[in-house]
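First the structure, in the form of structure tokens, and then the observations on it.
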Amino acid sequence: MSELEIEQLIANSKANENIALKLFEIEKEVLESKSCEELIQRLLNSIQQKFDITEITLLLVEPTPISYLFNERLQSNWQQRHSNKISLEQLKAFHHDSKPFLTNDLDNLPAVIPTELLIEAQSIALIPLILEGQLFGSLLFSDRDKSRFSNILGTFHLEQLATKVSLCLSNVLIREQLEYMAHYDRLTGVANRRLMEIFIAEELVRQQRYGVPFSLLFVDCDDFKQVNDRYGHDCGDRVLAYIATNLQGLIRENDRCFRFAGDEFVVVLASQKYQEAELAAKRLSEFFIKNPMPYQQTVLPVTITCGVAASDGKRSMDELLKEADTHLYQLKNNRKQLLV
């Protein structure tokens with residue numbers, strides 16, 4: 001072996017060692033992440049800084065196992081800027097062998113990657129992400145340097161990165177899913193009773209310390225048993241999801257909606273006194289009267305009744321809920337008497 005070849009071998013060895021060290025540092029950073037959002041944010045920022053890549057975007061298959069973390073209500077501005085949706089078929093065109101895809105021939109690139117992600121790019125690399133044996137996303141690296149990524153380059157280190165990221169994401173996702181299931185109702189997607197108790201306790205402390213008022217709405221779906229009996233439980237589930245989705249969409253950003261039990265929901269109205277809560281209850285009730293649920297080529301009337309209670313900072317959560325519940329049934333009874 002010539003002296004020049006030995007020097008080249010040493011140089012390659014040092015370069016590989018440097019890459020391996022950077023990959024180790026990235027893995028260490030993402031392992032410290034406590035949520036999927038934190039992991040993805042740390043990952044993309046770390047890769048971009050350590051390897052001086054022009055731009056990195058997370059492409060997510062739709063639907064994806066972590067789609068609930070990327071819905072409009074939960075998604076942060078950072079996620080919106082750094083993630084894009086793509087179909088599984090489109091992604092498989094790049095990763096049919098589960099290997100990274102590299103090219104600097106962007107003119108012949110399949111037109112499935114949004115053009116705004118390729119501004120100023122001269123070469124790209126797509127790194128597959130695998131979860132439970134299924135392709136669910138890809139890291140898109142784009143660079144201004146045409147020689148940075150090409151199909152003649154080796155992909156060993158990129159494959160290592162893909163494996164490490166997939167394993168780390170899988171571990172965090174399992175923990176995140178368990179936490180999500182502990183605090184959110186799987187059918188409707190709104191927070192559950194456990195999280196409601198925590199939130200109301202915090203509101204009570206805030207009111208007692210700083211005098212900030214809040215109110216509760218106890219929401220019940222009218223004639224829900226008849227819906228189940230006539231149309232079946234699948235339809236009943238759709239009604240509950242319809243109510244939950246619209247309640248969340250109609251309340252303010254700092255208000256909260258919770259599924260209490262069965263067809264009952266609780267809405268916490270931050271900084272709202274009794275009269276304001278009554279107006280909110282009227283607005284929510286009128287929305288459902290005017291907007292029946294689309295169902296099997298027709299529409300299904302779905303209405304709600306809202307009981308109101310305003311906190312004075314002295315009563316407990318249970319007392320407030322009981323007051324709102326009592327008010328709800330008074331409204332229902334008054335309505336029945338009018339129909340007699």
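Here are the numbers for the structure shown:
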item	result
Dimensionless Rg over Rh [the stretch 233-282; C-alpha; Kirkwood]	1.02
Part-to-part distance (alpha-carbon centres) for the stretch 89-153 and the stretch 253-267, which is given in Å	43
Kirkwood-based Rg to Rh ratio, the stretch 145-215, C-alpha trace	1.37
The stretch 115-181 pair-distance distribution - Cα-Cα, 5 Å bins, rounded %	4, 15, 19, 19, 16, 12, 8, 4, 2, 0
Value at 222 nm in deg cm²/dmol, rounded to 500, when DSSP H runs of n ≥ 4 in the chain each add -39,500 (n - 2.57)	-16500 deg cm²/dmol
Where labels lie 7 Å past Cα in the beta-carbon direction, separation of Lys50 and Arg175 in nm	1.8
Protein-only accessible surface order, largest first, of Glu25, Glu264 at 1.4 Å	Glu25, Glu264
Contact order relative to length of the chain, as percent, for alpha carbon pairs under 8 angstrom and 6 or more apart	13
The stretch 128-287, relative contact order [Cα under 8 Å, separation at least 6], %	22
Most to least accessible of Tyr231, Tyr295 (protein chains only, probe 1.4 Å)	Tyr231, Tyr295
In degrees, nearest ten, helix 36-51 long axis to first principal axis of the chain (Cα)	20
Charge sum, other residues only, whose C-beta stays under 15 Å from Leu135's C-beta, Lys/Arg counted +1 and Asp/Glu -1	-2
Hydrodynamic radius by Kirkwood, which averages 1/r over all alpha carbon pairs of the stretch 233-316, in angstrom	13.9
Rule-of-thumb Rg ratio for the chain [Cα; 2.2 N^0.38 Å; N residues]	1.33
Inter-label distance for Leu31 and Leu88, nm, one decimal - labels placed 7 Å from Cα along Cα-to-Cβ	3.2
Degrees between helix 156-183 axis and first principal axis of the chain (Cα, 0 to 90, nearest 10)	10
Distant alpha-carbon pairs in the stretch 178-232 (separation over 18 angstrom), percent	56
In degrees, nearest ten, helix 274-290 long axis to first principal axis of the chain (Cα)	80
Centroid-to-centroid separation of the stretch 191-205 and the stretch 270-340 [C-alpha atoms, Å]	19
Net dipole in debye of the chain [+1 Lys, Arg Cβ; -1 Asp, Glu Cβ; about Cα centre; nearest 20]	1200
16 Å tail of the calculated P(r), the stretch 220-259, as % of Cα pairs	40
Spin-label pair Asn151/Arg252, simplified geometry with 7 Å Cα→Cβ offset, distance in nm	5.7
FRET efficiency, Lys282 to Tyr210 (Cβ-Cβ, R0 35 Å, nearest 0.05)	0.80
For Glu89, solvent-accessible area (1.4 Å; no DNA, RNA or ligand), Å²	130
Within the stretch 286-309, backbone nitrogen closer than 19 Å to the virtual label 7 Å beyond the Cα of Asn228 toward Cβ	301-305
Accessible area (Å², per residue) of the stretch 115-187, counting only protein heavy atoms and a probe of 1.4 Å	53
Packing-based ranking, highest mean first, of 326-336, 299-309 given that Cβ atoms within 10 Å are counted	299-309, 326-336
Percent of Cα pairs exceeding the 25 Å cut-off, where the set is the stretch 144-274	50
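The values are calculated or read from the model by the stated rules, or taken from the named source; none is laboratory data. The structure presented is a predicted model; accordingly, all values stated were derived computationally and were not measured. All Cβ positions, glycine included, derive from the backbone under ideal geometry; neighbour counts span all protein chains shown. For accessibility, only protein heavy atoms count, side chains too; no ligands or nucleic acids. Shrake-Rupley method; radii C 1.70, N 1.55, O 1.52, S 1.80 Å.
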